[in-house]
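The values are calculated or read from the model by the stated rules, or taken from the named source; none is laboratory data. Computed from a prediction, not measured in an experiment: that's the story for all the values here. When we count neighbours, we look across all protein chains shown, and the Cβ atoms used for this are built from the backbone with ideal geometry, even at glycine. We work out accessible area using only protein heavy atoms, side chains counted, and drop any ligands, DNA or RNA first. Shrake-Rupley method; radii C 1.70, N 1.55, O 1.52, S 1.80 Å.
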Amino acid sequence: MKNTIILISILFIGISLKAQEGITTQTIPPVDIKTLNGEIFNTSAIDNEGKPIIISFFALWCKPCLRELTAINDVYTDWQEETGVKLVAISIDDARSTANVKPTVDGNGWEYEFYCDPNGDLKRAMGVNMIPHVFILDSNKKVVYQHTSYAEGGENELYEVVKKVAAGESIK
């Protein structure tokens, strides 16, 4: 019985690790979301001419999300100059709250591309369960890195990954 439990545990861990490795082949699924002006936008149009893309899922009620977006904003111009990175922020606020996204973005002076996913279609398609949830895409728009949560200084770790992606290095 003990051997069976150990074998099942090893198989489960192996399958879990293999599933995590598979994330490097994930791309952005083509899903209709909305611009801050309420226009339909298909995610297949997200592009950065072969340079890295950061996709950040957030919500207005999520304080760590807002802190992360603000911290990145403080260094975003430097990041763009050094790596050409583009940040695309996706609000997962529901239809009642989406009207507050644009005033929040404008009030904070955030210069990213912002979209709203009020029905959670992109969130589900990307497997986002917790926010903030950040994905980094390489020059082929493949997900090469992701993380959830935010702690002060976390943007520095994120930038180290962006620099590697911009240089064409492998992310391990």
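Observations
- Aspartates and glutamates whose Cα lies under 16 Å from that of Lys63, excluding same-chain neighbours fewer than 8 positions away: Asp93, Glu152, Glu155
- Per residue, the chain reaches -12500 deg cm²/dmol at 222 nm when only DSSP H runs of four or more residues are counted, each adding -39500 (n - 2.57).
- Using the Cβ-Cβ distance between Asp94 and Glu49 with R0 = 35 Å, the FRET efficiency computed as 1/(1 + (r/R0)^6) comes to roughly 0.60.
- Under 5 Å from the amide H of Glu113 lie the amide H atoms of Leu87, Ala89, each residue being 5 or more positions distant or on a separate chain, with H modelled from the backbone and absent for Pro and chain starts.
- Fraction of accessible area attributable to carbon and sulfur, segment 58-172 (%, probe 1.4 Å): 45
- Only Lys, Arg, Asp and Glu carry charge here, each on its Cβ (+1 for the first two, -1 for the last two); on that basis the chain has a dipole of about 800 debye about its Cα centre.
- Kirkwood Rh (inverse of mean 1/r, distinct Cα pairs), the chain, angstrom: 17.0
- Pairs over the 28 Å Cα-Cα cut-off, from the set Lys34/Lys142; Lys102/Lys172; Lys102/Lys123; Lys102/Lys164; Lys34/Lys163: Lys102/Lys172; Lys102/Lys164; Lys34/Lys163.
- Solvent-accessible area per residue, Å², over the chain with all protein chains present [probe radius 1.4 Å]: 56
- Stokes-Einstein diffusion of segment 68-131 at 10 °C, 1.306 mPa s viscosity, Kirkwood radius from Cα pairs, rounded to a whole number: 123 µm²/s.
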